[in-house]
Amino acid sequence: MQNRIIAKQFITSGALDVYQMDATRVAGPNENIAILLLAAKYGVRVCPHAGGVGLCELVAHMSMFDYIAVSATKENRFIEYVDNLHEHFVTPTEIRQGHYVAPRTPGASSEMKPESITAYTFDAASQRLLNQQ
């Protein structure tokens, strides 16, 4: 909720032309939608932040919602993309001709492959090994 209040203050005051929404730091999809709608009302473009592991997979949906339900255009729209670590996801983000391809599976595209979870999980046994070194 706090991020939406700050976003509202910036957007409605005319303090910015582009709002880089951090889609994972607000209270879920409804907050993201509220920010997209508010920004559209005030003519502020939104660029969802996607600079970390799995963020591209998560924000593709925000870009699709903006295109389908809010702006109905790709003109003057952009979205951040970082080309790494997608191999850890069951349905990784796909880019074609400089655009995110609409996800073809239900959900948030954030399901990680079990082998990646196993390989990179830090647990008590891992901590003991580190302590022994």
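Is it the case that some residue within the stretch 23-33 is touching a Pro at 6+ places or on another chain (Cβ under 9 Å) and either not acidic (Asp, Glu) or not in a helix (DSSP H, G or I) (or both)? The answer is yes, given that some residue of the stretch 23-33 is touching a Pro at 6+ places or on another chain (Cβ under 9 Å) and either not acidic (Asp, Glu) or not in a helix (DSSP H, G or I) (or both). Could we say that residue 78 is surrounded by 15 or more Cβ atoms within 10 Å (Cβ to Cβ), over 11 Å from the mean Cα position of the chain (by Cα) and of a type in the set (Phe, Trp, Tyr) here? Considered against the rule, which asks whether it is surrounded by 15 or more Cβ atoms within 10 Å (Cβ to Cβ), over 11 Å from the mean Cα position of the chain (by Cα) and of a type in the set (Phe, Trp, Tyr), residue 78 comes out as no. For first residues located in the stretch 35-58 and under 21 Å from residue 82 (Cβ atoms) and open to solvent by 30 Å² or more (accessible area, probe 1.4 Å), partners that are acidic (Asp, Glu) and assigned to a loop (DSSP other than H, G, I, E, B) and lie 6+ apart or on another chain with Cβ distances below 9 Å form the pairs 45/17; 49/22; 49/80; 51/80. Looking only at the stretch 73-108, count how many residues are in a loop (DSSP other than H, G, I, E, B), modelled with pLDDT of 85 or more and either aromatic (Phe, Trp, Tyr) or in contact with a Phe, Trp or Tyr (Cβ under 8 Å, 6 or more places away or on another chain) (or both). So the count comes out to 2. Looking across the stretch 111-132, just one residue is in contact with a strand residue (DSSP E or B) (Cβ under 8 Å, 6 or more places away or on another chain) and open to solvent by 90 Å² or more (accessible area, probe 1.4 Å), and that is 111.
The values are calculated or read from the model by the stated rules, or taken from the named source; none is laboratory data. Predicted, not measured: the structure shown is a model, and the values here were computed from it. No Cβ is skipped: glycine too gets one built from the backbone with ideal geometry, and neighbour counts run over all protein chains shown. Quick note on the areas: whole protein, heavy atoms, side chains included, nothing else; ligands and nucleic acids left out. Shrake-Rupley method; radii C 1.70, N 1.55, O 1.52, S 1.80 Å.
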